[in-house]
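Engineer: Please read through the structure below; I'll follow up with questions.
Each value in this text was obtained by applying a stated rule to the coordinates, not by laboratory testing. Nothing here was measured: the structure is a model prediction, and the numbers come from that model. Here the Cβ positions follow ideal geometry from the backbone for every residue, glycine too, while neighbour counts run over all protein chains shown.
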Amino acid sequence: MEPSVAAVGGNKSNNMAVGVLYHTTLMSSGRVGWRLVDQMLVTKARFTSYIQAKPMDEFIKAEAALDEYGLAILENHRGTGKETDAIRLLSATSPVPTSVVDVYELLPDWEGAPSTRDFPLSSNTRLLLDLSDVTEEIPEAFAYELMAYARDLRELDSQIVVTVTDKAWQRCRPKLGGHTATIPRRRASSVIRAHLTFHDHREALGLLEQDAVRAFVAELDEGRTSPDYAVKVADRLRLVRTAADIDRTIGELRKWRPYIDQQLDSRKPDWADRRMLLIAAAVLNGCPSTAVAAASRALATALGHERVPLFKALESEGWSRRLREIGATVADDCTWIDRDKPGVDYAIFEWLWNEHPELREPVLKWTQELVTDPKTKKHARRVVGVIARVAGECRSIDLLEALYAQLKSPRAEAYRGLVEEAVEGLLFHPAAAALTQERLWRWAYRGDRGAFPSLALLCGGRLGREHPFVALARMRHLIARAELPEHRAAVAAALRGLAREPRLRQPVLAKVVSWAEDNFASGLIMLLDARCDDAVADLLVRDAGDDVAAFDLLVRAWDLLSSDDGQFRVAELTAGWSIQRDLGRIDALTLARVWEPIVHKVFSGSPEAVFISAMTPETRADTLQYVMSRSAAPHANGFAFGAAAFPVEETTHPRENLHRDT
């Protein structure tokens, strides 16, 4: 067991799959201070096990760079430990191991090239910038900006650690070679043991001493297994209850690895066609052979092969032989790869994704072409399903982002529903739910126009019903970024859809009221809008009539609206509720009780209130009716009483209008 060191802690388990096992708590998110980008606060709270990256030379280099320059860059493929090492570096400066360390993760929303222009300059601050999602090479100019920014931070006793992939960092590395450290992978056996130790699964730890499990873990070490997969193995071992479970679990975890290694890990030059056919058959398992052949040719083009396979399904004498070589069978003109090897189809794509990260970009491009190419687009459900399955099993941010790219792509209109269904499933995936929900937060924050309807649908769907506050936190970003009418309509429909659920109506109202108290009334206005088919105004009034707490909350909602700057929108709300009341859809007495404090505030705040209260009820009603009919617009600073709120048909004689029934 490696020596214990300080790690980040909090109340939500977050294993970064590299052996640094810790808890994190999202403390706050928003703009703090002048030009400070949105940030995520993480808090150190305990000691836990940490698997050192061996050899330690690169980590020592990063420590030295951070001490001397206030800047360190950690690079390598995702899953090698960059982010957790970054947090360890930044939190290690605390003089007392149990003290709280605030680590702010910068979440820049760059529209163009990466820049430090909007980064914060604060004293004694620890900053983390994760660029692992960047797929294109970062321009050299960013290296100069980053060095200058680090010098300014150093003068304020602040530090920043940047995590990035080696591919994206190629152009900046020559300028920042002394600041850049390449983090090696941890051994799978160490990650598994640390994960089980952290979660105190003593029975599963005992399994590591059994011969079958020890041999399997040794295979993982020899095969340079990714830390993500090692954590997956540990989670599966936690579920083993009997001796019979061990062989079955190991068999499932191996996922036909010897077969895959034999087929895909061969470097024989004449096997290129064979490997591409195997991958195409795995992704389109059970699809017509013509589609599999077309997909293999498309994969060859995507990978840059000069010679594209010439065989076509059922038309070439080499086709049947090729299928036999990869262990596939043909039934009813469809090609199957998993008839005698259940699960091998997904395992092949997962192996390709984990063991050949340099092929991820062209393979993703290939899968996107499969769902639009006329020869293969009929099988979009299968392709999307494979990507979603492996995204969940591998907890892959890149694959999640690939699904998101389809959500916002205009070309994906024909199969967008399939992608929405896949993402919704991942929001509840046993291994990837937390990661997918975190990505949904980022997607909502970005507010990409093409993805708006899908994101609103996801927030208002199963996620909203089962985890309403998780959904509402993401929905707030959508509401704030809804610029087009169709976007506002989509997110408003999702919000009201949640409020139609009886058990969620008051929690949803309470949440949007809290937003309004924080000077963000758009969500409350969307919820109370009574001019739509899915309005919930009548339900809210009914609840208010039956429950004191619901009544007080609705009164508070309207009280906030009465002082909101957007009085024209409030006037439209008032008109809508008034019409519903006049049509008998809203209880008139309850609505009068809800509006009573606001109306009272309007009149009692004026010295002329005595004049009005002295009138007889009939005179007062007729006079107010006449005044309202003559009003041309809502009052600038008061509640929205005016022509927009109380439309009255004008006549040529004021007395006729005076007695008109509205």
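Engineer: Give the relative contact order (percent, whole number) for segment 426-522; include only Cα pairs under 8 Å separated by 6+ residues. Display every interim value, and only then the final one.
Structural biologist: Numbers: 90 pairs, mean separation 22.7, N = 97.
So the answer I get is 23 percent.
Engineer: Further question: With +1 assigned to the C-beta of every Lys and Arg and -1 to the C-beta of every Asp and Glu, and no other charges, what is the dipole magnitude of segment 427-506 about the Cα centre in debye, to the nearest 20? Don't jump to the answer; show the numbers that get you there.
Structural biologist: Details: 14 positive and 6 negative charges, 32 e Å.
Here the size comes out at about 160 debye.
Engineer: Please report how far the C-alpha centroid of segment 363-408 lies from that of segment 505-527, rounded to the nearest whole angstrom.
Structural biologist: A separation of 36 Å, based on Cα centres.
Engineer: Could you go through segment 608-619 in sequence order and give the Karplus-derived ³J(HN,Hα) for each residue, using 6.51 cos²θ - 1.76 cosθ + 1.60 with θ = phi - 60°, rounded to whole Hz, and x for Gly and Pro?
Structural biologist: Computed from phi, the couplings for segment 608-619 are 7, 4, 4, 4, 6, 5, 6, 5, 6, x, 5, 5 Hz.
Engineer: Going by average Cβ density within 10 Å per residue, which order do the peptides 237-243, 609-615 take, highest to lowest? Before the final figure, lay out each step's value.
Structural biologist: On the way: 237-243: 13.3, 609-615: 11.0.
Top of the packing list down: 237-243, 609-615.
Engineer: Between T225 and residues 5 or more places away or on another chain, which pairs have amide H atoms under 5 Å apart, with H built 1.01 Å from N, and which residues are they?
Structural biologist: Under 5 Å from the amide H of T225: A188.
Engineer: Using a basic spin-label model with each label point 7 Å from the Cα along Cα→Cβ, how many nm lie between R556 and E68?
Structural biologist: 5.6 nm
Engineer: Near the amide H of I160, under 5 Å away, which other amide H atoms are found, from residues 5 or more places off or on another chain, if H is placed in the peptide plane?
Structural biologist: Excluding prolines and chain starts, which carry no amide H, the hits are L71, A72, L127.
Engineer: Give the separation of the Cα centroids, segment 546-610 to segment 148-215, in Å.
Structural biologist: Cα centroid of segment 546-610 versus Cα centroid of segment 148-215: 57 Å apart.
Engineer: Still on this structure, I have one more. Tell me which residues come under 5 Å, amide H to amide H, from V103 once H is placed; ignore anything under 5 positions away on its chain.
Structural biologist: Excluding prolines and chain starts, which carry no amide H, the hits are V42.
Engineer: Right, here's the next one. Mind putting a number on the dipole of segment 114-214 about its Cα centre? Charges go on the C-beta only, +1 for Lys and Arg and -1 for Asp and Glu, and I need it in Debye to the nearest 20. Please report the intermediate quantities before stating the final value.
Structural biologist: On the way: 14 positive and 15 negative charges, 72 e Å.
Dipole size: approximately 340 debye.
Engineer: Dipole of segment 470-621, Cα-centred, from +1 at each Lys and Arg C-beta and -1 at each Asp and Glu C-beta, to the nearest 20 debye?
Structural biologist: Result for segment 470-621 is approximately 360 debye, rounded to the nearest 20.
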